[in-house]
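Structure, as structure tokens:
The values are calculated or read from the model by the stated rules, or taken from the named source; none is laboratory data. The structure displayed is predicted, hence computed values, not measured ones. We place every Cβ from the backbone using ideal geometry, glycine too, and count neighbours over all the protein chains shown.
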Amino acid sequence: DVKVTQSSRYLVKRTGEKVFLECVQDMDHENMFWYRQDPGLGLRLIYFSYDVKMKEKGDIPEGYSVSREKKERFSLILESASTNQTSMYLCANSPRGTGGETQYFGPGTRLLVL
Amino acid sequence: GEDVEQSLFLSVREGDSSVINCTYTDSSSTYLYWYKQEPGAGLQLLTYIFSNMDMKQDQRLTVLLNKKDKHLSLRIADTQTGDSAIYFCAEKVRGYQKVTFGTGTKLQVIP
């Protein structure tokens with residue numbers, strides 16, 4: 001059974017803390033994505049990576065950075081957490097291709113910044 | 001850039017049909033997806049259609065595409081309480097890796 005795991009289901013942090021969210025996939029897929037999900041706004045792409053050490057900004061990269069040192073692992077970093085980063089964070093991955101490749105999602109991390 | 005829009009909420013009675021609507025903006029060769037998100041979980045693909053198709057049926061699910069109006073719909077026949085979830089429409093332009101998601105429609109099924 002294919003798996004996408006995220007390091008935490010729930011996380012509580014304080015304003016100004018550095019926060020690491022980890023995502024691991026066992027599907028050997030090239031593409032990995034980080035989204036945040038907010039009510040009424042749907043999923044918004046923060047960053048994605050199409051290969052090891054490669055990254056591309058999504059629609060809302062401000063306040064975030066990412067790291068992809070290994071193919072199976074994609075980390076999202078909040079350099080200095082703020083209350084407006086309270087959200088559900090979803091990791092996804094897909095094979096590289098030009099057709100209708102599916103994205104496979106992790107269960108999400110609900111982050112609360114106090 | 002791509003923009004995908006959905007209504008936020010739909011309520012139906014168990015056994016009725018549900019129709020969830022979506023509009024998209026890109027006019028290129030496009031894949032259009034429906035994903036389902038159950039409470040506390042990530043998204044799971046239900047079905048997808050390429051923009052050269054008009055319709056796709058898979059058991060209780062029917063996807064209809066109106067290319068002229070850039071309108072996509074998902075019909076769920078005989079809706080069950082287990083269908084209660086958030087349904088996301090999404091768009092992927094052929095040749096690109098990025099997917100654009102809509103706001104999601106929360107489907108409530110009343111027993």
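Residue-level check: of (1) out of contact with any Leu (no Cβ under 7 Å at 6 or more places or on another chain); (2) surrounded by 22 or more Cβ atoms within 10 Å (Cβ to Cβ), A:PHE33 misses just (1).
Kindly check whether there is at least one residue in the stretch A:53-71 that is under 27 Å from B:THR47 (Cβ atoms) and surrounded by 20 or more Cβ atoms within 10 Å (Cβ to Cβ). No. Only residues that are more than 13 Å from the chain's Cα centre (by Cα) and either of a type in the set (Val, Ile, Thr) or farther than 29 Å from B:TRP34 by Cβ (or both) were counted across the stretch A:86-114, and they come to 6.
Of all residues being under 16 Å from the mean Cα position of the chain (by Cα) and not in a strand (DSSP E or B) in the stretch B:29-48, which is modelled with the highest pLDDT? Just the residue, please.
Of everything passing the filter in the stretch B:29-48, B:GLU38 is modelled with the highest pLDDT.
Residues in the stretch A:36-73 that are touching a Leu at 6+ places or on another chain (Cβ under 8 Å) and of a type in the set (A, V, I, L, M, F, W, C): A:LEU43, A:ILE46, A:ILE60, A:VAL66. The strands (runs of 3 or more DSSP E) falling completely within chain A that include 2 or more residues that are of a type outside the set (D, E, K, R), touching a residue at least 12 places away in the same chain (Cβ under 8 Å) and within 14 Å of chain B (Cβ to nearest Cβ) map to A:4-6, A:19-25, A:31-38, A:42-49, A:87-94.
State whether one or more residues within the stretch B:3-21 are among the acidic types (Asp, Glu), at the interface with chain A (Cβ under 10 Å from one of its Cβ atoms) and more than 15 Å from B:THR81 (Cα to Cα).
yes
Restricting the stretch B:58-108 to residues that are small (Gly, Ala, Ser) and either surrounded by fewer than 21 Cβ atoms within 10 Å (Cβ to Cβ) or in a loop (DSSP other than H, G, I, E, B) (or both), the residue that is farthest from the other protein chains (Cβ to nearest Cβ) is B:ALA77. Please verify whether the stretch A:60-76 includes one or more residues that are modelled with pLDDT under 95 and charged (D, E, K, R). So far as the stretch A:60-76 goes, no, none of its residues is modelled with pLDDT under 95 and charged (D, E, K, R). Of B:ASP16, B:ASP26, all but one fail to be crowded, with 16+ Cβ neighbours inside 10 Å, out of contact with any helix residue (DSSP H, G or I) (no Cβ under 7 Å at 6 or more places or on another chain) and outside any strand (DSSP E or B); the exception is B:ASP26.
When the test is whether a residue is modelled with pLDDT of 95 or more and aliphatic (A, V, I, L, M), B:VAL109 passes it.
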